[in-house]
1. Do the conditions hold for Thr183, that is, is it open to solvent by less than 20 Å² (accessible area, probe 1.4 Å) and among the β-branched types (Val, Ile, Thr)?
2. Evaluate the stretch 332-341: report whether one residue or more is aromatic (Phe, Trp, Tyr) and crowded, with 18+ Cβ neighbours inside 10 Å.
3. Restricting attention to the stretch 328-347, which residues are in a helix (DSSP H, G or I) and either in contact with a Ser or Thr (Cβ under 8 Å, 6 or more places away or on another chain) or small (Gly, Ala, Ser) (or both)?
4. Test Lys81 against the criterion of being closer than 25 Å to Ile114 by Cα and open to solvent by 80 Å² or more (accessible area, probe 1.4 Å), and give yes or no.
5. Just checking, which of Ile103, Ile94 is of a type in the set (Val, Ile, Thr), surrounded by 13 or more Cβ atoms within 10 Å (Cβ to Cβ) and modelled with pLDDT under 95?
6. Which ones in the stretch 295-322 are in contact (Cβ under 8 Å) with a residue 60 or more places away in the chain and surrounded by fewer than 14 Cβ atoms within 10 Å (Cβ to Cβ)?
7. Scanning the stretch 193-211 for residues that are part of a helix (DSSP H, G or I) and in contact with a His (Cβ under 8 Å, 6 or more places away or on another chain), which turns out surrounded by the fewest Cβ atoms within 10 Å (Cβ to Cβ)?
8. Could you please find all residues in the stretch 69-87 being in a helix (DSSP H, G or I) and basic (Lys, Arg)?
Amino acid sequence: MKKMKILEVIASLGAGGAETLLKDLAIGIKKHNHEVLVVIIDSFSNDISEMSKINQLFENGIKVISLNRKPGEKSLFLFFKIYKLLKENKPTLIHIHSFLASIYFFPFAFIFKIKFVQTIHNTHISESKLLKLAYSKLFHLKFKYTYCSDEAYLSLNKIIGEGMVINNGIAFHANQNIREFITQKYEIPTNSLILLNVGRITKQKNQLLLIDLIENLNTELYEGTLYLLICGKHYNDSLYQNIKLHHNQLKFKNNIKFIGIQDNINDLMYSSDLYISSSIHEGLPITVLEAMNTGVPLILSPIKEHLNVFRDLEYCYFPKTNAVSSYVELFKKNEKLFAVSKEEIINKRDSMIKKFSISATVSNYLIFFKNL
């Protein structure tokens, strides 16, 4: 394959599935002897997740450039920066991973003879009618699309346009047991059961349900021995304030730990007793794929994005509905959720782990790029 120079573009490199996919994809493409440059729209932050990704990219010989937009800012000057960036670097292909990046880069599809690809990482698009109109009437004229999952394609292809489904993949990481560190740092008794949830605290991720679930389970089944770690960024908005207000009123409030952004996600998963997601919609969730790889049992909300991918996965459970009572019923019927060794679970998941490996994802993207 002829050597390409690829720009991987996203709004930021903080915590998130698209951000993790971009990082692993860029490293994988680089290993195939193509030149890769990562561009983020927003300014660099002190986000531990972003710094970790930048370090990993740097260690693999990949430079990261920031266009220094302040989050939320609408900047016309950014267009001049992008023009200069493209003029100086002369990429073969620009691969976009966020709706924000697509808005800023789209005009240059008419100026430069560069191939443009956008990967759609979710099953929902902004409610902005103007953005939906731009995708349905304009962007498809110059952009080629890939979708991170079948559900993302089925949900958005009529708005965004036709494209190829390339499943998200994850890089393999050796897992380290940090259980003792977790129990000490977060003041959890050693004989407790630990549930983990990873994701930004948003309406989409639906962490309020998990807070009520822990209260119910400790009241009905576990007598205060069940703990929940919520790992992810929060915005100091009304949603977070309401969640904290509600949390502070609970009897078992000390059993729920908001631990913020962490850079050892895989070790946290491997060292927890159960990974749980209550999301109301997803693309192809990277965090669930990562959890699958660590051998931790999974409980996932019964949304189509989860069911269509993980329905037949070993030691993966679904409540009948996305309601607290349904989750409680699931726990009551599956008393041995925590009894199997993670190594045994990993072995039984081997075919799925291989299917969603980053090496398969990289190969599929390179074939797609070559055929444009």
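1. yes
2. For the stretch 332-341, residues aromatic (Phe, Trp, Tyr) and crowded, with 18+ Cβ neighbours inside 10 Å: absent.
3. Hits for the stretch 328-347 are Lys342, Ile346.
4. Against the criterion (closer than 25 Å to Ile114 by Cα and open to solvent by 80 Å² or more (accessible area, probe 1.4 Å)), Lys81 does not qualify.
5. Ile103
6. Correct list: Asn308 only.
7. Leu208
8. If the condition is that a residue be in a helix (DSSP H, G or I) and basic (Lys, Arg), then Lys81, Lys84, Lys87 are the ones that fit.
The values are calculated or read from the model by the stated rules, or taken from the named source; none is laboratory data. The shown structure was predicted, so the numbers you read here are calculated from the model rather than taken from an experiment. Ideal geometry is used to build each Cβ from the backbone, glycine not excepted, and the neighbour counts take in all protein chains shown. The accessibility values were calculated without ligands, DNA or RNA, using every heavy atom of the protein model including side chains. Shrake-Rupley method; radii C 1.70, N 1.55, O 1.52, S 1.80 Å.
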